[in-house]
């Protein structure tokens, strides 16, 4: 990454060239930015108040340009700033607050097929049902004369992950129900697992969400998030539920943990997910399924009121304060 003490004029010159569509390899060579750090540098510029836009890619209509800020630590929400005429789309029920000039409209699917016919829109929305989502999404458009803001909250504790599809090759795969919101123009589709074993034992079934376009999208992950950039041939083994998103060129397979003792008593399941580069993957430390399992497992202890966490002190405390009388 270039020296942060470089002049503002240099950053502005870079942004102008980037917004004109100059190839990133040319920009990287001119400004001394390694390919693997290019996306991080774009994020650095946004944090500094610059506005590098995502140029349209072949095969994708330009997505709306949106700015954003993520607030919070473990209970996050994302605030999106819309210029007049700009639109963001989100899962139904994700909205937290919005300014007065924001217009909210329920739409079929993701709104990326405005030029298509009715049947195309219905088919696109119907595919979302296969991922467990609603037929409908909500579009939030700025109908005012100045900048307006709309915010979307995470459904459970974790992190919101911004995904710049224009910098990620125009396509990302993520687990079902990970998508939170996006700039209008980003298509939310489905992707079927090509390998039967992955579909049966991969933790998320045969269907993943595919995000396509050249704009910003936001996914939610449970707990902490780790981004791993895998070099060609580099393999990472992860718990099947901890894989949040990956680039489509990453090879994804499953692997038996090995050994009857590991499988039966290891507590990590029978299979690992195996991801092999090149490409980027995002991992979560607390899959929602794991959180839900722990809540369900503790439910019997809640029937008589507050109980301890299965400890002797918890039971003793209940005896002392009269909960068991």
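State yes or no: is residue 232 in contact with a helix residue (DSSP H, G or I) (Cβ under 9 Å, 6 or more places away or on another chain), at negative phi and either at pLDDT 90 or above or surrounded by fewer than 22 Cβ atoms within 10 Å (Cβ to Cβ) (or both)?
Taking the combined requirement at face value, the residue does not satisfy it.
Of the strands (runs of 3 or more DSSP E) lying entirely inside the range 7-111, those containing at least 1 residues that are at pLDDT below 85 and in contact with a strand residue (DSSP E or B) (Cβ under 8 Å, 6 or more places away or on another chain) are 102-108. Residues that are in a strand (DSSP E or B), under 25 Å from residue 293 (Cβ atoms) and either touching a helix residue (DSSP H, G or I) at 6+ places or on another chain (Cβ under 9 Å) or not assigned by TED's automatic domain parsing to the domain that holds residue 185 (or both) within the range 203-219 comprise 207, 209, listed in sequence order. Summed over the range 153-168, the residues that are in contact with a helix residue (DSSP H, G or I) (Cβ under 7 Å, 6 or more places away or on another chain) and either part of a loop (DSSP other than H, G, I, E, B) or farther than 19 Å from residue 65 by Cα (or both) give a count of 1.
Going by what's in this entry, would residue 179 be described as farther than 25 Å from residue 45 by Cβ and at pLDDT 95 or above? In short, no.
The values are calculated or read from the model by the stated rules, or taken from the named source; none is laboratory data. None of these values were measured; they are calculated from a predicted model. All Cβ positions, glycine included, derive from the backbone under ideal geometry; neighbour counts span all protein chains shown.
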